Amino acid sequence: MTDIKRRWFETVRTLRGAARGRSLWVCCLTLALACIVFYISEQMRTVYIRDGETTTLRYTLRREPEKILDDNGIVTMAFDSVDFSGFEGKMGVISIQRAFPVSIRVDGETRTLMTTEMTVGELLAREGIELGEYDEINLSPVLYLSPNDRIVIRRVELETTVVQRSIPFDTEYKEHSLIRHGRTRTLIAGQEGEQVLTYVDRVVDGVLRARELSETVTVRQPVDQLVLRGTAAKPVSDLDFGIPLDANGVPVRYKKVLTNQVATGYSARAGARGASRLKLSDGSVAVRSHEIPYGSKLYIASADGSFVYGFAVAADTGTGLMQNIIDVDLFYETYIESALNGRRVVNIYVLE
């Protein structure tokens, strides 16, 4: 019995020692597990992942957004925008903007680009595309881009073009009976004028699209051509004293007539005045003032009516008259007409 008891007590003692050692191991394991749980709970973070219009809630021990997305099987492309400002406390938000395609046509080529939400101007700045002062763009630079937007830029330049242009002259005909009927003689040769025209050309992508006249400068005025055209019985003078002519071209009333008078022609500078101080023009004649006073109204024509000077006013005198070389000197507005007059025999009707 004694040996059996001894063995029994040894067995109980052994079992108690084993039980005491197992409890320590269990305690240690429990403590380790508790520490691990505590560490994980302290390090665990809650993160909202916003991918476009989709938001998901995830828990992570990671701190880098790339690893967090990778752990959750979320793939981003090269031009996608990932925004993560870090965790505040145990909460964080990762925002993903997915890139979308837009096209830009500029400088003769079209490019397809990937971009996230940004303005047209920001995209141009990113691509190093500058707009010139007059360039045109189909979308406003402040407009936010949408998928598949098409940006078209037209390069516009304003260029100045200077053009010289001639100004044509007009031809004026002066009709009277100084030369034969139907014949012509150039009294004043016409000269073309000259203008300098300045245009502003609108060149779009190297092609002229519009031209606008901005300035016109007349360098030289045209000189109208004056042509004498012979017309039977047409008077030189345009004066009209209201006295009718009979069938023979003679005034129906007059004070006296001086027949077979020698008439020559003369001219003077524009605006010249005669001895009477009256301004000289077609219809002004030079006389001997003691025979025909200044201001007298006259009618002058050849006896056969082939040459008609017409109604006239005594307004001037001259050396030939004073020396009795001629009887009347007829004024013409051009030297050529005065030369064509030559020496003629006329009748002078003194009207008043």
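The values are calculated or read from the model by the stated rules, or taken from the named source; none is laboratory data. Computed from a predicted structure; not experimentally measured. In this analysis, Cβ positions are derived from the backbone assuming ideal geometry, glycine residues included, and neighbour counts consider all displayed protein chains.
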Residue tally, condition within 30 Å of Ile336 (Cα to Cα) and not charged (D, E, K, R), over the stretch 149-207: 20
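For (1) in contact with a helix residue (DSSP H, G or I) (Cβ under 9 Å, 6 or more places away or on another chain); (2) in the same structural domain as Ile336 (by TED's automatic domain parsing); (3) under 30 Å from Asn248 (Cβ atoms), each residue gets a yes or a no:
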| residue | (1), (2), (3) |
| --- | --- |
| Glu136 | no, no, no |
| Pro141 | yes, no, no |
| Lys174 | yes, no, yes |
| Gln191 | no, no, no |
| Leu197 | no, no, no |
| Leu213 | no, no, no |
Total residues in the stretch 337-352, condition in a helix (DSSP H, G or I) and either without any contact (Cβ under 8 Å) to a residue 40 or more places away in the chain or surrounded by 14 or more Cβ atoms within 10 Å (Cβ to Cβ) (or both): 4
Count of residues meeting criterion [assigned to a loop (DSSP other than H, G, I, E, B) and surrounded by fewer than 20 Cβ atoms within 10 Å (Cβ to Cβ)] in the stretch 308-325: 4
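Tell me the strands (runs of 3 or more DSSP E) entirely within the stretch 75-166 that contain at least 3 residues that are in contact (Cβ under 8 Å) with a residue 24 or more places away in the chain.
Result: 91-97, 100-106, 150-154.
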Answer from Thr317, Thr334 - the residue that is within 57 Å of the chain's Cα centre (by Cα) and farther than 13 Å from Val262 by Cα: Thr334
3 or more residues in contact with a strand residue (DSSP E or B) (Cβ under 8 Å, 6 or more places away or on another chain), surrounded by 15 or more Cβ atoms within 10 Å (Cβ to Cβ) and in contact (Cβ under 8 Å) with a residue 60 or more places away in the chain: qualifying strands (runs of 3 or more DSSP E) within the stretch 177-293: 184-188, 256-266
Residue count for the stretch 271-307, restricted to those that are within 13 Å of Tyr332 (Cα to Cα) and over 57 Å from the mean Cα position of the chain (by Cα): 2
Which numbered condition Phe84 fails, given (1) surrounded by fewer than 17 Cβ atoms within 10 Å (Cβ to Cβ); (2) out of contact with any Lys or Arg (no Cβ under 8 Å at 6 or more places or on another chain); (3) more than 11 Å from Thr46 (Cα to Cα): (1)
